[in-house]
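K.L.:
One structure is given below, represented as structure tokens, and several questions about it will come after.
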4 protein chains.
Amino acid sequence: MPSARKQLNIAMIGSGSIARAHSNAFHQVSHFFDVPYSLNLKVVSARNQSKLEAFARQWEWAETAADWQELVTRKDIDVVDIAVPNALHAPIAIAAAKAGKIVLCEKPLALSLAEAQMMAAAAKNLPNLVWFNYRRVPAVSFAKQLIDEGRLGQPYHYRAYYFNQSGVDSAKGQTWRYRASEAGSGAIGDLLSHSVDMAIYLNGEIAELSATKHTFIPGREVDDAVLLMARFANGSLGTFEASRFGVGRRNGNGFEIYGAKGSLGFDLEEMNRLQFFDATDPGKLQANRNILVTGPDHPYSGNFWKPGHLVGYEHTFIATMGDFLQSLAKGEPFHPNFDDAVRTQAVLEAVEASAQSRSWVKLPAR
Amino acid sequence: MPSARKQLNIAMIGSGSIARAHSNAFHQVSHFFDVPYSLNLKVVSARNQSKLEAFARQWEWAETAADWQELVTRKDIDVVDIAVPNALHAPIAIAAAKAGKIVLCEKPLALSLAEAQMMAAAAKNLPNLVWFNYRRVPAVSFAKQLIDEGRLGQPYHYRAYYFNQSGVDSAKGQTWRYRASEAGSGAIGDLLSHSVDMAIYLNGEIAELSATKHTFIPGREVDDAVLLMARFANGSLGTFEASRFGVGRRNGNGFEIYGAKGSLGFDLEEMNRLQFFDATDPGKLQANRNILVTGPDHPYSGNFWKPGHLVGYEHTFIATMGDFLQSLAKGEPFHPNFDDAVRTQAVLEAVEASAQSRSWVKLPAR
Amino acid sequence: MPSARKQLNIAMIGSGSIARAHSNAFHQVSHFFDVPYSLNLKVVSARNQSKLEAFARQWEWAETAADWQELVTRKDIDVVDIAVPNALHAPIAIAAAKAGKIVLCEKPLALSLAEAQMMAAAAKNLPNLVWFNYRRVPAVSFAKQLIDEGRLGQPYHYRAYYFNQSGVDSAKGQTWRYRASEAGSGAIGDLLSHSVDMAIYLNGEIAELSATKHTFIPGREVDDAVLLMARFANGSLGTFEASRFGVGRRNGNGFEIYGAKGSLGFDLEEMNRLQFFDATDPGKLQANRNILVTGPDHPYSGNFWKPGHLVGYEHTFIATMGDFLQSLAKGEPFHPNFDDAVRTQAVLEAVEASAQSRSWVKLPAR
Amino acid sequence: MPSARKQLNIAMIGSGSIARAHSNAFHQVSHFFDVPYSLNLKVVSARNQSKLEAFARQWEWAETAADWQELVTRKDIDVVDIAVPNALHAPIAIAAAKAGKIVLCEKPLALSLAEAQMMAAAAKNLPNLVWFNYRRVPAVSFAKQLIDEGRLGQPYHYRAYYFNQSGVDSAKGQTWRYRASEAGSGAIGDLLSHSVDMAIYLNGEIAELSATKHTFIPGREVDDAVLLMARFANGSLGTFEASRFGVGRRNGNGFEIYGAKGSLGFDLEEMNRLQFFDATDPGKLQANRNILVTGPDHPYSGNFWKPGHLVGYEHTFIATMGDFLQSLAKGEPFHPNFDDAVRTQAVLEAVEASAQSRSWVKLPAR
């Protein structure tokens, strides 16, 4: 069927596992979201040319390119999507922004707060997005909705954790994620950044924090684990823990929130579920509700499958893209964008500072 | 402290594991229930004299006796408690009833419906009790309360199961539970009887059923497993499954009930929990509530520990005894009594008949 | 990138929710499976023309057609996919088979065993598939693998259930699923058929069964619920329960299997998990393992996302299509095909016969 | 039956909820443990005389006494058990120790480290015990056993939490637990002390820590919540969180431990369960084992009920008493004793110091 939708030509830099998830989202978004754009997977670029060809074939990219520099300024490109190691985020994003492109960037936004701020400044007047995709797990969006409805009341405790076991295998230490020059940090940028973005989304700004980090394997350039105590601007207490040494956890990204009127719990390994305790229920019925967030009244249920039919990892990217394109059509700001990611980057920088100084660090109020 | 409570002298026949649970309940009931009786563990009887002495010492029975016959008629005995293999239930109970004793009997009540009816007739004017203790798991009592409040609405499905793995070890086949002459049946009397008592308690009478039973180990005299489809008088459908070949389950006694307005789920291996789904909740909040049934508004919470402090297996016996003594004090009938157990026995007999005839069997209406 | 893959032109009949899942699988299969075919979503047909246009646009079908009859014989069509109400499966499948097409058919295959047999006969020499997609939940495929490795030992019990709450809303009774002429049956064809296919897949043939069915809402033409006891050819006992009145369950399709050496448990609402109890573990470590079936050694993990990154409903269709195309390339038979579905249909027909006669029904040995 | 066991006369000070748990343990220990002592509940003392009489009657104490001072020196008393608010622990324990009594003391041992050290010095040559009862949850003892067997390997992370919701109700603020003079602290002594004792038991000494505490309700004298990051002497990282504002949690005392070879998880609200992930399992079978710690090979299973039959809160006290009496009979030291509690008190004092100074605090090596 011919479509009246406006075509957006995408250039993606990267061909790793996250590039798969992005490619998938570009293909799938129009199947699940009613957006007035048609995404054209125009050109993909990566360092390894032979892998790149296979990737392009599998994910139906029309062209490949060896060089991101010339690609981000191509006239026939509307959107530049950055799916490469962290150290390249800033140069690519700034170049793309200078060329006036819509910029989509994988998380964490940057290696440092200063870099993130430069990126945000460069992209200020352009639609942009940072792939903190877990905000759009339907259960997480639903948590946000319950909080906004006042169902938790005064917040007391925010607890975040992100555990996987990726660091235990010392052989992995050869990949870019373990090189300071490419990754900037370890668990902090890789895992904690997700937790911090989600915490700000759900519980607002962090006022001050005390952190410590640790590298279990001698010689590694980046942190394997990070711990963090925080006080939020809303008066609640926070703990964060992120580690690549959580043996037994594959993608254990979770939170618990306790408030005067109820509590919430989420774990990404059970991503279709949200735990909700409603302290306004009659006493004898008070309990964690183990909500299967696929019902007709839940976020994104109209987009994906029928009630009770689960969604998986990729739907967080598809929903991110769907919401982004709907914002784009309306000319409204999308979140999380580069400005949002700057806030997260400020927290990560405070974490590094606190771990260094072994003291509490205050964050500027907003 | 001197007590104004009336002393009841107990004679117990049996010294096996169930006799431990009974003894414990006799000792503990006054610690948790405000009852106007003081239980005196007067005399215990069993076949194996040397084991008996050790048992009596451990559980603080004042005397031992070799012979149950002379014991049940002793003037100084008020209560006879039967904790022996099934085949002895009827002779002891009938003798004790003839002697005017209060009679407490382990489940299943009898080897047959006819026997059960004779026992009930004998004990008709005497306080009596059958140890279907699982009715008084606080979570099960709470389930009953929710049903009585109409929270499930029209009942559609009742599903019961009772799995353990006791039958797999063929060496166990030498114990009384595998001899037809002593046990009468296998999984049917041992496990299914509990499920049936609980079903009648929670969901009312069974109108008709179709059953099949099976013995996995050749040469065994009793059934290892039994399956059952049923229609209840209230219009709901039922399934029951009981097996000693449920490898991995130790005491997996559970039920699920689905009604127009909600559903319930229980498993004895998580005995402090009740699952409750309330279909009258707002749609987006509908979910199984995983209720920790120890709260201030739950059954027996005033008797046992503080909210959130779990109870275990023995509390079902203690609560049974507590409620029995309170009924006794008020001169009110206690349930489940011999009459209730006759109803359960009628179902078990219909199960045997159906398994034999391979056809549906109707039960008389009550 | 130009592809050397052979193009297969697909015609799909249907535009409902299952047609979405099929369309998605056709688009996605090459992203996750290395198959030597390129699927071309050529033409889609459905009764409601205006809905059809929107559907075609959303799911990127090249053409629409009003009439399935002319479509199934079109020269430019290689594959006919049937995603319409049950009563149309046979006429379309037989016509497509006569035209020599590859035939893919939604479950249940047919309205009756006779019809199913005719369809199987017609498609005998053609590649064909029945969308019993739940065999290819990774956790279910993994269950099959564990069973084939002998990890359960002699099987004792197979327990299946499929509960949703779709029948409770009486308004739904107006849709095709509640009309005997279009659906043939209610819970039996809709839900039980999935359970039976999975049981045969995991536990082999059913030797005999006794069933009952029930319609809770007066005037409904089809069954709302069905219960079933069975004996499998391998000596194990089975229970099946399927209902549209399982209030609180959205897509509660599960099974438990108990064998001499271990047990398994699965529920589709937790589709990334398999419970496995290994009775050969040291005693103190024996327990249900709650396996997150996304690991590097699990079925389909190489196809989808990284370990710990969940898959959803649609992946069962994608995997079905991926395996089908790989079988096609090798010229090997695919399962479940029409012949497999005939076996399932024979069980469903025995269920109907047993429910009618209120007696046990034997199934012919294979 | 006459017993050859040596009688120990007990005097207990206190009649609150913890005094119930102690009394129960004194009555029950000989039913479950083969100990060469017979405990005689001789005299109980408390401030409120009328409540005391009722308490003594219910729990079968032979006498009551108004005054603890004269009681602890009575010749006919062998054991003094302290079940009163924290501020009285030291004076009573020291007086009882001076009188040569066996001293049992409720946790936390003292209001300060100095006080705890004085108590330990006073009781140095006497059998003594601190009621950190949760070490003897069978699942916790089992965790210790698995750790001692080396099943976790090098430890990476220790995570502890203890949440209840007792602080939210501002009316509760009138009880002794909220008065600094009687309780010393809030969540720190009440909840965190348990977590710290358990951490030392399972994971060894804490080398340094950084903490913060918070009081949500203005005017309260004690902390409502405390957070804590730690580094253990064994090189692992720790987080602790204890709060009376964990809405929805009743007795949520849990831990997770991650090591190179596996991980463990425990929550007191599921006290019969231990989660164990064995990273030495074959990859595809790696998962949390949800172990029901009631099996024949588990700690205390020989003492309590049959496999699969759950134990509750009181069994932790009974097992503590059972092990204590067995140590007493053998003349061996029992743990946790006053010396052990001094170590825990040192951590609590460091927590207060760190919360005050907002800096890391080192603990002396042992």
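Bear in mind that the values in this text are calculations on the coordinates, not laboratory data. All of these numbers come straight from a predicted model, not from anything done at the bench. Note that each Cβ is placed from the backbone with ideal geometry, even for glycine, and that neighbours are counted across all protein chains shown.
K.L.:
Residue by residue through A:272-285, how many Cβ atoms from other chains fall within 10 Å of the Cβ on average? Mind dumping the intermediate values first?
P.N.:
On the way: counts 6, 3, 1, 3, 5, 7, 5, 4, 0, 4, 1, 5, 12, 9.
Averaged over the peptide's residues, the number is 5.
K.L.:
How large is the Kirkwood hydrodynamic radius of the stretch A:81-136, in angstrom, based on all distinct alpha carbon pairs? Mind showing how you got there, number by number?
P.N.:
Details: mean 1/r = 0.0910 Å⁻¹.
It is 11.0 Å.
K.L.:
Quick one: Kirkwood hydrodynamic radius for the stretch B:6-133, alpha-carbon pairs, angstrom, one decimal?
P.N.:
Details: mean 1/r = 0.0688 Å⁻¹.
After inverting the mean inverse Cα-Cα distance, the result is 14.5 Å.
K.L.:
Can I ask one more? Which of B:Tyr37, B:Tyr162, B:Tyr134 ends up with the largest GNM mean-square fluctuation for chain B, with Cα atoms connected below 10 Å?
P.N.:
Judging by the Gaussian network model, the answer is B:Tyr37.
K.L.:
Report, by chain and number, residues whose modeled amide H sits under 5 Å from the one on A:Ala233, excluding near sequence neighbours (fewer than 5 apart, same chain).
P.N.:
Residues meeting the amide H criterion: A:Glu205, A:Ile206, A:Ala207.
K.L.:
Residue by residue through the stretch D:149-157, what is 3J(HN,Hα) from phi via Karplus (6.51 cos²θ - 1.76 cosθ + 1.60, θ = phi - 60°)? Round to whole Hz and write x for glycine and proline.
P.N.:
So the Karplus estimates, Gly and Pro as x, are 6, x, 6, 9, x, 4, x, 10, 9 Hz.
K.L.:
Oh, and also: Could you work out the mean count of beta carbons from other protein chains within 10 Å of each residue's beta carbon in A:352-362? Intermediate results must be reported in sequence, preceding the final value.
P.N.:
Details: counts 0, 0, 1, 0, 0, 1, 4, 5, 4, 0, 0.
What the average comes to for A:352-362 is 1.
K.L.:
Amide H to amide H under 5 Å from B:Thr215: which residues, 5+ apart in sequence or cross-chain, H placed 1.01 Å off N in plane?
P.N.:
Amide H neighbours of B:Thr215, under 5 Å, 5+ apart: B:Asp224.
K.L.:
Right, here's the next one. Restricting to chain B, compute how many DSSP beta bridges are antiparallel as a %, nearest 5.
P.N.:
Values: 40 of 69 bridges.
Looking only at bridges with both residues in chain B, the antiparallel portion is about 60 percent.
K.L.:
Ok, one more. Among A:Ser243, C:Ser166, B:Ser301, what is the fewest-to-most ranking by other Cβ atoms within 10 Å?
P.N.:
Details: A:Ser243 32, C:Ser166 25, B:Ser301 19.
Ascending number of Cβ neighbours within 10 Å: B:Ser301, C:Ser166, A:Ser243.
K.L.:
Still on this structure: Give me a single rounded figure for B:155-168: the average over its residues of other chain Cβ atoms within 10 Å of their Cβ. Don't jump to the answer; show the numbers that get you there.
P.N.:
Working: counts 1, 13, 11, 0, 7, 0, 4, 0, 6, 3, 9, 3, 1, 8.
Other-chain Cβ atoms within 10 Å of each residue's Cβ, averaged: 5.
K.L.:
Now for a separate question. If we count other beta carbons within 10 Å of each Cβ, what is the order of C:Thr175, D:Thr294, A:Thr212, B:Thr280, fewest first?
P.N.:
On the way: C:Thr175 13, D:Thr294 25, A:Thr212 22, B:Thr280 10.
Fewest to most other Cβ atoms nearby, the residues stand as B:Thr280, C:Thr175, A:Thr212, D:Thr294.
K.L.:
Sticking with this one: What number, in percent, do you get for the relative contact order of the stretch D:182-315 if the mean sequence gap of Cα pairs under 8 Å and at least 6 apart is divided by its residue count? Mind showing how you got there, number by number?
P.N.:
Numbers: 208 pairs, mean separation 18.6, N = 134.
About 14 percent, as a whole number.
K.L.:
On to the next question. Given A:Lys284/B:Lys284; B:Lys51/B:Lys124; C:Lys284/D:Lys306; A:Lys172/D:Lys284; D:Lys261/D:Lys284; A:Lys107/D:Lys284, which pairs have Cα atoms separated by over 25 Å?
P.N.:
On the way: A:Lys284/B:Lys284 21 Å; B:Lys51/B:Lys124 34 Å; C:Lys284/D:Lys306 14 Å; A:Lys172/D:Lys284 20 Å; D:Lys261/D:Lys284 15 Å; A:Lys107/D:Lys284 30 Å.
Over 25 Å apart, Cα to Cα: B:Lys51/B:Lys124; A:Lys107/D:Lys284.
K.L.:
Report Rg(Cα)/(2.2 N^0.38 Å) for chain B, keeping two decimals.
P.N.:
Working: Rg = 20.4 Å, N = 366, 2.2 N^0.38 = 20.7 Å.
Rg over 2.2 N^0.38 Å, computed on Cα atoms: 0.98.
K.L.:
Among D:Ser23, C:Ser112, which comes first, second and so on when ranked by fewest other beta-carbon atoms within 10 Å? It would help to have the intermediate numbers written out before the result.
P.N.:
Numbers: D:Ser23 26, C:Ser112 16.
Going from least to most buried by this count: C:Ser112, D:Ser23.
K.L.:
Now a separate question. Output the relative contact order of the stretch C:162-256, whole-number percent, from Cα pairs under 8 angstrom with separation of 6+ residues. Write down the numbers at each step before the final one.
P.N.:
Working: 178 pairs, mean separation 38.5, N = 95.
Reported as a whole number, the value is 41 percent.
K.L.:
Mind listing the long-range amide H neighbours of D:Thr64? Cut-off is under 5 Å, sequence gap 5 or more, other chains count too, H placed in the peptide plane at 1.01 Å from N.
P.N.:
D:Val44
K.L.:
Based solely on C-alpha atoms, express the radius of gyration and the Dmax of the protein assembly as shown in angstrom.
P.N.:
Looking at the protein assembly as shown, its Cα Rg and Dmax stand at 33.9, 107 Å.
K.L.:
Share of antiparallel DSSP beta bridges in the protein assembly as shown, in percent to the nearest 5? List each step's numbers first, then the result.
P.N.:
On the way: 168 of 284 bridges.
Given both bridge residues lie in the protein assembly as shown, the antiparallel proportion sits at roughly 60 percent.
K.L.:
When the expected Rg is taken as 2.2 N^0.38 Å, what fraction or multiple of it is the alpha-carbon Rg of the stretch A:236-294? Each step should come with its number before you reach the end.
P.N.:
Numbers: Rg = 13.7 Å, N = 59, 2.2 N^0.38 = 10.4 Å.
The reported ratio for this selection is 1.32.
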